[in-house]
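Presented below is the structure to which this report refers.
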Amino acid sequence: MPKSKPPRRKRTRHPGSRERSMLDFYDRLERITDRAEREAEALADKVPPEELAAMRATCAENRRIFAEARAAMLAPSRTPVLDRLVTEARRRAR
């Protein structure tokens, strides 16, 4: 019985300089969100519970958005042929 081919692995893309700078930007936003959440928790006894809940929800939403953006940037391209053709056209244009 012939062996079947193993499934192709989808490698994550190697980020270029533009993607690296965007990933650094998301990291900075994540640190700002962490700091804001820590500051809000430190003042929890002085802040109304509704505001504290809103702050926690906002921080959680920000983290979700940052995680989705990072994942989208590092995901394999869904249009590899088009990407290759565009890259070649840009090289020829230089």
* Structure fact -> The farthest towards the positive end of the charge dipole of the chain, of the residues M73, F25, P49, given +1 on Cβ of Lys and Arg and -1 on Cβ of Asp and Glu, is M73
* Tally Lys/Arg at +1 and Asp/Glu at -1 over every other residue whose Cβ is under 15 Å from the Cβ of V47; what's the total? -> -3
* Which helices, counted as full DSSP H runs in the chain, have an axial Cα extent of no less than 18 Å and a Kyte-Doolittle average of -1.0 or above? -> 49-74, 80-93
* Give, rounded to the nearest 20 debye, the magnitude of the charge dipole that the chain has about its Cα centre when Lys and Arg contribute +1 at Cβ and Asp and Glu contribute -1 at Cβ. => 1420 debye
* **Sum of -39500 (n - 2.57) over DSSP H runs of 4+, divided by residues of the chain (222 nm, nearest 500)** => -24500 deg cm²/dmol
* Could you grab the relative contact order for the stretch 13-89? Cα pairs under 8 Å, six or more apart, rounded to a whole percent. => 47 percent
* Asked: Candidates (i) 176; (ii) 114; (iii) 99; which is the computed volume of the Cα convex hull per residue in Å³?
  -> (i)
* **Efficiency of FRET between L23 and E50 - r from beta-carbon atoms, R0 30 angstrom, step 0.05** => 0.30
* Quick one: length gained pulling A67 to R35 fully straight, 0.36 nm per residue minus the C-alpha distance? -> 9.8 nm
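Bear in mind that the values in this text are calculations on the coordinates, not laboratory data. Just so we're clear, the structure is a prediction, and the values are computed from it rather than from any experiment. Because the Cβ atoms are built from the backbone with ideal geometry, glycine has one as well, and the counts that use them run over all protein chains shown.
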